[in-house]
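What follows is one structure encoded as structure tokens, with my remarks underneath.
We did not get these values from a lab; they are worked out from the coordinates using the rules stated. Being a predicted model, the structure only gives us computed values, none of them experimental. Cβ placement follows ideal geometry from the backbone for every residue including glycine, while neighbour counts extend to all protein chains displayed.
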Amino acid sequence: MEDNYLTKAEEQIMQVLWTLGKGFVKDIIDRLPEPKPAYNTISTIVRILESKGYVGHQAVSKSHEYFPILAKNDYQRTYFKTFLRNYFGNSFQQLVSFFASEKDITPQDMEELLKFMQDHSKNNSNKQSNNDSIKK
């Protein structure tokens, strides 16, 4: 699924399904901004998402209730890793440098990011230590 990227329209529908948890085509349309797309358009996109493995369905009477198979955080992780690799050579330093040079990140944002990374690094070290002691 990593190379199976979402189009803008597909992502918009996935955002709705991630919010709803599950829904019929009509429910999805109700959550989309004006002008509302045609029922057949959304139905087609949802079936494409299903063929890509992002969405499943349950038959309810003569209709289908759709639900996301892929969790939003899993898609975010894959999307971001690909974005980082394609645009910043897999370098967080280049990513942060880009935002800093574009003045889109404040010194406070950078401090918070650094604190987050330090905390995350400590948590990963603790997990690794626990895993190592379990293996012994």
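Quick look at the numbers
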quantity	calculated
Extended-chain gain in nm, criterion 0.36 nm per residue less alpha-carbon gap, Thr106 and Gln76	8.4 nm
For the chain, convex hull volume per residue from C-alpha positions, Å³	180 Å³
Aspartates and glutamates whose Cα lies under 19 Å from that of Lys52, excluding same-chain neighbours fewer than 8 positions away	Glu2, Asp3, Glu10, Glu11, Glu65, Asp74
Built amide H within the under 5 Å cut-off of Val55, gap 5+	Glu50, Ile69
Loop GluC sites (Glu not before Pro), the stretch 1-74 (other Cβ atoms within 10 Å of the site Cβ: 11 or fewer; DSSP)	Glu2
For the stretch 8-68, fraction of C-alpha pairs farther apart than 15 Å, in %	40 percent
Rough spin-label spacing in nm, given labels placed 7 Å along Cα→Cβ, for Leu95 and Glu11	1.5 nm
Residues Ile28, Ile105, sorted so that the one with the fewest Cβ neighbours within 10 Å comes first	Ile105, Ile28
Computed FRET value (nearest 0.05) for Gln58 with Phe83, which takes r as the C-beta separation and R₀ as 35 Å	0.60
Trypsin sites (Lys or Arg not before Pro) restricted to the stretch 37-74 and DSSP loop, no more than 12 other C-beta within 10 Å	Lys62
Karplus-derived HN-Hα couplings along the stretch 47-56 (A = 6.51, B = -1.76, C = 1.60, θ = phi - 60°), whole Hz, x at Gly and Pro	5, 5, 4, 5, 5, 7, x, 8, 10, x
Gaussian network model of the chain, springs between alpha carbon atoms under 10 Å - residue of Pro68, Pro37, Pro107 with greatest fluctuation	Pro107
Dipole moment magnitude, nearest 20 debye, the chain about Cα centre, only Lys, Arg, Asp, Glu C-beta charged	440 debye
MRE, 222 nm, helices only [DSSP H, n ≥ 4, -39500 (n - 2.57), over the chain, to nearest 500]	-21500 deg cm²/dmol
